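What follows is a short report on a single structure.
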Amino acid sequence: MEGIISPETKDAVLSSADIVSVVSDYVQLEQKGNQWWGCCPFHHEKTPSFSVTPEKNMFYCFGCHEGGDAIKFVMEMEKIRFPEALKLLAKKFGVEIKYTNNFVPNAEKTDNTKELYIDLYNRVADMFHYGLVKTEAGKFALDYITKRGISLETIEKFKLGYSPSDRTWLKKFLRAKNFSDEFLAKSGLFSRNYPDIAFFSDRLMFPIFDRRGQAVAFGGRFLRGDPEKSPKYLNSGDLIQYKKGETLYAFNFAKQAIRENKKVIFCEGYMDCIAYHQCGINYAVAPLGTALTEDQIKIVRGFADTILLSFDSDGAGQAATMRAILMCRKQGLTVKIIRLHNAKDPAEIMLNFGAETLTNEVNSAILDSDYLLSFLSQKYQKDTPEGKAKFALDFFPYVDALQTDIQKESSLNLLGRTLNISLEAVKRDFFNRENLNKRRLATKTESQAPVGSEVVINAEFRAVLAVLSDTNQFELMQSRLTEDDFENPFARTLFSTLKECYKAGDLSFVSVLNHCNHDGIKQKITESVSRGEFSQFTAQSVAESIEQLEINSLKRKRKSILEQINSLQSQLSIPANQELMTRLFEQKKYIDEKINKKGLVYGSGTGS
């Protein structure tokens, strides 16, 4: 039975709680007269309409009309019930909790479950940390992290640790500390199928803290053994005290710096985030083993007005950057992109070049519009009508995400200048984009495999089939290839189907089968699953297949251009043909440069 907290306790909490202090943990506030103002955490806005009135101990938003006292605010921000919010504030401001009907608090069994698991994770984090810095077993992990440039001070700050290779040790230790098997079974620290076996073993451990600095989850990095048999990172799943899509790594350390600088860096993972902090760039945070979510953006929106994205430059990183740009812009935030030079990640820059170089890279971040235009210029041939059209259609979602008409028109104007097209023409296509997308989709449909025909299995089809085994590999594939890059119509159809599923947020086998309209392709997918073929695909082999597909596509495009050049040789007296020949040579040069980067060198003659 759950006790009822007395009305006197509620009154004592509300009279003791400094509502400005409470709200300031979530929203950047500025005092104007007797009130404090900030951007509302409950809806998107650029001009502050959210007010806090200390005299009345209340908050109110003049935009969305959300309002109430400190307890109501904590309930909404933490997504918890009234009793939990009341207890949280009572603990924060030192108020004793009293119950009606002489209820004994020690009898409570459900309300404190979350706190009990937080206490468990804090204890385990301390044990892992001791294992890293004080034991012989953890010395190899300590050597690894220090050789990557991470100082002992930073290791202490982030409480990095090492999980023992003995997978039965943790259960025995916690049992000896009087933790029950039932309690530990729901902790997320042990295998579901083998409850005595630790989920994390022989790994470098990264405790994940909530905004109050309490350990609530873990990430573990693989360091030794067969990399094909173990994932590079293992991460805690959702738990009673932890929701990965609603938590940001290092936010507890970064919160004050984000508030002071009014900006935040979203980076790829634990090591990148730690590198930024060690270099004095303390406003860096990271998503947790998943793509950036709207809830994670909302965490920082109350403090920052500028987002800096620092994701990897590979295909998956580019896809993550594109998604993050649109999500942040839809929440009314300015977005910039950090481009790293001569290194693959911030940790490598810190190690090889030092903090000053990393700081300069951050200060040189470019606007997202410039990043997108540069990215699309490499993806499409913007000197052809078809290339210009595809370029524009891929840029339009960014314009859609912008919040004001001035931003939209300025971006369309920028697009027009980049493509050497009038603003009027760009606007017409932008406002007519739904029809253009339908036409584009219809063209793709016409080029897809005929329904009822027998599936032709070749390297292209196998490559697309392989990315079904790893979502990250599909992100890489779609960032480097389009439907036009496939000769095999069955591979093209499957690729198009995967893109639809990816946009819908579900790349499971069931989802792909439901979206696919070709019985033969569905049969091949089912056969591959049944035979266990997907277990044979490694990340490296899939990446190599994608690389080969891209090379083959470039070769075909180059061959087509050469054929056009040769056919024009005898017709150069016509001015229009001279102009076309110039464009073809520019296209050939562009393709040759891309091929050369991949190690395949061609001559420069027209017949080469």
Practice problem: Select from Met75, Phe495, Tyr26 the residue farthest towards the positive end of the dipole of the chain; place +1 on Cβ of Lys and Arg, -1 on Cβ of Asp and Glu, and compute about the Cα centre. | Solution: Phe495
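Which of the chymotrypsin sites (Phe, Trp or Tyr not before Pro) found in the stretch 1-98 are loop residues per DSSP with 14 or fewer other Cβ atoms within 10 Å of their Cβ?
Numbers: sites: Tyr26, Trp36, Trp37, Phe42, Phe50, Phe59, Tyr60, Phe62, Phe73, Phe93; in loops: Tyr26, Phe42, Phe62, Phe93.
Here the sparse-neighbourhood loop sites are Phe62.
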Practice problem: Using only alpha carbon pairs under 8 Å that are at least six residues apart, calculate the relative contact order of the chain and give it in whole percent. | Solution: 8
Quiz item: How far is helix 385-401 tilted, in degrees, relative to the longest principal axis of the Cα atoms in the chain, given as a value from 0 to 90 rounded to the nearest 10?
Solution: 20
Quiz prompt | In order through the stretch 515-527: 3J(HN,Hα) via Karplus (6.51 cos²θ - 1.76 cosθ + 1.60), integer Hz, x for Gly, Pro | solution = 8, 7, 9, 10, 4, x, 5, 4, 5, 5, 4, 4, 5
Self-check item: Beta bridges by DSSP in the chain, antiparallel share as percent, to the nearest 5
Solution: 75
Quiz item: When the Karplus curve 6.51 cos²θ - 1.76 cosθ + 1.60 is applied with θ = phi - 60°, which whole-Hz ³J(HN,Hα) does each residue of the stretch 129-143 get, with x for Gly and Pro?
Solution: 5, 4, x, 7, 9, 10, 10, 5, 4, x, 4, 5, 5, 5, 4
Quiz item: What are the ³J(HN,Hα) values, in whole Hz, obtained from phi via the Karplus relation 6.51 cos²θ - 1.76 cosθ + 1.60 with θ = phi - 60°, for each residue of the stretch 161-167 in sequence order, with x given for Gly and Pro?
Solution: x, 9, 8, x, 6, 6, 6
Practice problem: Express the carbon and sulfur contribution to the solvent-accessible surface of the stretch 225-303 as a percent, rounded to the nearest whole number, probe 1.4 angstrom. | Solution: 44
Quiz item: Can you give the accessible area of His515, probe radius 1.4 Å, in Å² rounded to 10?
Solution: 70
Practice problem: Using the heavy atoms of the protein chains and a 1.4 angstrom probe, tell me the accessible area per residue for the stretch 262-366 in square angstrom. | Solution: 34
Quiz item: Taking H as built 1.01 Å from N, whose amide H comes closer than 5 Å to the amide H of Val335, not counting residues under 5 places away?
Solution: Ile307, Asp368
Quiz item: Counting only heavy atoms of protein chains, what accessible area per residue, in Å², does the stretch 109-224 have with a probe of 1.4 Å?
Solution: 50
Quiz item: For helix 405-419, what angle does its Cα long axis make with the longest principal axis of the chain, in degrees from 0 to 90 and rounded to 10?
Solution: 30
Exercise. Over 44 Å, how big is the tail of the calculated P(r) for the chain, in percent of all Cα pairs?
Key: 31
Quiz prompt | Value of [θ]222 nm, deg cm²/dmol, for the chain, DSSP H segments ≥ 4, -39500 (n - 2.57) each, nearest 500 | solution = -16000 deg cm²/dmol
Self-check item: Heavy atoms of Glu115 accessible to a 1.4 Å probe, total area in Å² rounded to 10
Solution: 80
Quiz item: How would you classify the stretch 247-332 from its alpha-carbon gyration tensor, with a ≥ b ≥ c the square roots of the eigenvalues: rounded for a/c under 1.5, else prolate if a/b is greater than b/c, otherwise oblate?
Solution: oblate
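Using a 1.4 Å probe on the protein heavy atoms, what percent of the accessible area of the stretch 36-171 belongs to carbon and sulfur? Numbers along the way, then the final one.
Values: 3950 of 7300 Å².
Exposed carbon and sulfur together represent 54 percent of the surface.
Treat every Asp and Glu Cβ in the chain as -1 and every Lys and Arg Cβ as +1, leave all other atoms uncharged, and give the resulting dipole magnitude about the Cα centre to the nearest 20 debye.
With only Lys, Arg, Asp and Glu charged at Cβ, the dipole is about 420 debye.
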Practice problem: Would you pull out the residues with amide H under 5 Å of Met58's amide H, same chain only if 5 or more places away, H placed 1.01 Å from N? | Solution: Thr53
Quiz item: Which of the residue pairs Lys232/Lys588; Lys147/Lys503; Lys243/Lys263 have a Cα-Cα distance greater than 29 Å in the structure shown?
Solution: Lys232/Lys588; Lys147/Lys503
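The values are calculated or read from the model by the stated rules, or taken from the named source; none is laboratory data. No experiment lies behind these values; they were computed from the predicted model shown. No Cβ is skipped: glycine too gets one built from the backbone with ideal geometry, and neighbour counts run over all protein chains shown. Keep in mind that these areas ignore ligands, DNA and RNA; they rest on the heavy atoms of the full protein, side chains included. Shrake-Rupley method; radii C 1.70, N 1.55, O 1.52, S 1.80 Å.
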